[in-house]
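A.B. asks: The structure under discussion is supplied below as structure tokens; questions concerning it will follow.
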Amino acid sequence: MPGQVQIRRVWKPLAHVACALPLAVLLLELLAVGPFRIGPNPALAIRDTLGTWGLRLLLATLAMTPLRLATGQAWPLAFRRLLGLWSFAYVLLHFVTYFVLDRGIELGIILEDVAKRPYITIGTAAFLLMVPLAVTSTAGWRRRLGPRWTRLHRLVYPVAILACWHYYWLVKRDVREPLLYVTVLLMLLGWRLVARRAARRTAPAARPD
């Protein structure tokens, strides 16, 4: 098991580099460096790439607790906040791309989209729910909020559900990739439900007479 110093000095920097890699590839595509090309619709490619990676990193964040219990090691939890903040960064850029490149900062058009297009409605809801999670992710906020911090950060579950739902509705034809993310999310949520029920069954037996 890696120690705290090794995690902080080696593994976390490597995790940051890995999370930033899709942004680097996107930049190379925009600049048409070597074999990298963005495609005929840059705004759409940027928006979709950012949104997809935001969802992937969100699911990776949710996977850290099951990974901790599966391995019996505590180190996966050291990456949960890192992955969550990177997920928020990608989703924020996804939203900014839609706001600026797709809709040209036309607030009226954006509000009409939110009201009339369900996939944009739930996508916006997921983004807004992520904001307090990102803001309160620091140790200082955790100390200030106390037990309320844990209750607040359970919003990550509806966020993940809304994000998968948003992606499924966004894709018009080939829904295999959205369904893959839905399957992963259902497995993670199902695992939590089973683990919670198992903990409740064993808790009374663990108490002294």
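Any read-out appearing in this document is the output of simple, stated calculations on the displayed coordinates, not a laboratory observation. Computed from a predicted structure; not experimentally measured. For neighbour counting, all protein chains shown are included, and Cβ atoms are generated from backbone atoms with ideal geometry for every residue, glycine included.
A.B. asks: Just to check your reading of the model, which residue among Ala115, Ala125 is within 28 Å of Arg154 (Cα to Cα), without any contact (Cβ under 8 Å) to a residue 12 or more places away in the chain and small (Gly, Ala, Ser)?
C.D. replies: Numbers: Ala125 fails: without any contact (Cβ under 8 Å) to a residue 12 or more places away in the chain.
That would be Ala115, the only listed residue that is within 28 Å of Arg154 (Cα to Cα), without any contact (Cβ under 8 Å) to a residue 12 or more places away in the chain and small (Gly, Ala, Ser).
A.B. asks: Then there's this: Among Ala89, Ala63, Ala74, which is under 17 Å from the mean Cα position of the chain (by Cα) and farther than 30 Å from Ile105 by Cα? Let's see the steps before the verdict.
C.D. replies: On the way: Ala89 fails: farther than 30 Å from Ile105 by Cα; Ala74 fails: under 17 Å from the mean Cα position of the chain (by Cα).
Just one listed residue meets the conditions, Ala63.
A.B. asks: Before we move on, is Met187 of a type in the set (A, V, I, L, M, F, W, C), within 21 Å of Met64 (Cβ to Cβ), within 15 Å of the chain's Cα centre (by Cα) and part of a helix (DSSP H, G or I)? Show your work before the answer.
C.D. replies: Numbers: of a type in the set (A, V, I, L, M, F, W, C): yes; within 21 Å of Met64 (Cβ to Cβ): yes; within 15 Å of the chain's Cα centre (by Cα): no; part of a helix (DSSP H, G or I): yes.
Criteria not met by Met187.
A.B. asks: Hey, another quick one. What's the number of the only condition in (1) surrounded by 10 or more Cβ atoms within 10 Å (Cβ to Cβ); (2) of a type in the set (D, E, K, R); (3) under 26 Å from Phe95 (Cβ atoms) that Arg148 fails to meet?
C.D. replies: Failing condition for Arg148: (3).
A.B. asks: Further, regarding this structure: For the stretch 1-116, list the helices (runs of 4 or more DSSP H) that sit wholly inside it and hold at least 1 residues that are basic (Lys, Arg) and more than 26 Å from Ile161 (Cα to Cα); which are they? First the steps, then the outcome.
C.D. replies: Values: elements: 12-31, 42-71, 80-97, 107-116.
Ranges flagged: 12-31.
A.B. asks: So is Arg173 closer than 26 Å to Ala15 by Cα, more than 20 Å from the chain's Cα centre (by Cα) and either surrounded by fewer than 12 Cβ atoms within 10 Å (Cβ to Cβ) or among the hydroxyl-bearing types (Ser, Thr, Tyr) (or both) or not? Walk me through it before giving the result.
C.D. replies: Working: closer than 26 Å to Ala15 by Cα: no; more than 20 Å from the chain's Cα centre (by Cα): yes; either surrounded by fewer than 12 Cβ atoms within 10 Å (Cβ to Cβ) or among the hydroxyl-bearing types (Ser, Thr, Tyr) (or both): yes.
Answer is no for this residue.
A.B. asks: On to the next question. Of the residues that make up the stretch 134-143, is at least one in contact with a Phe, Trp or Tyr (Cβ under 9 Å, 6 or more places away or on another chain) and basic (Lys, Arg)? Explain how you work it out, then say what you get.
C.D. replies: Within the stretch 134-143, the subset in contact with a Phe, Trp or Tyr (Cβ under 9 Å, 6 or more places away or on another chain) is 134-137, 141-143.
So of that shortlist, the ones also basic (Lys, Arg) come out as 142-143.
Yes; the residues of the stretch 134-143 include at least one that is in contact with a Phe, Trp or Tyr (Cβ under 9 Å, 6 or more places away or on another chain) and basic (Lys, Arg).
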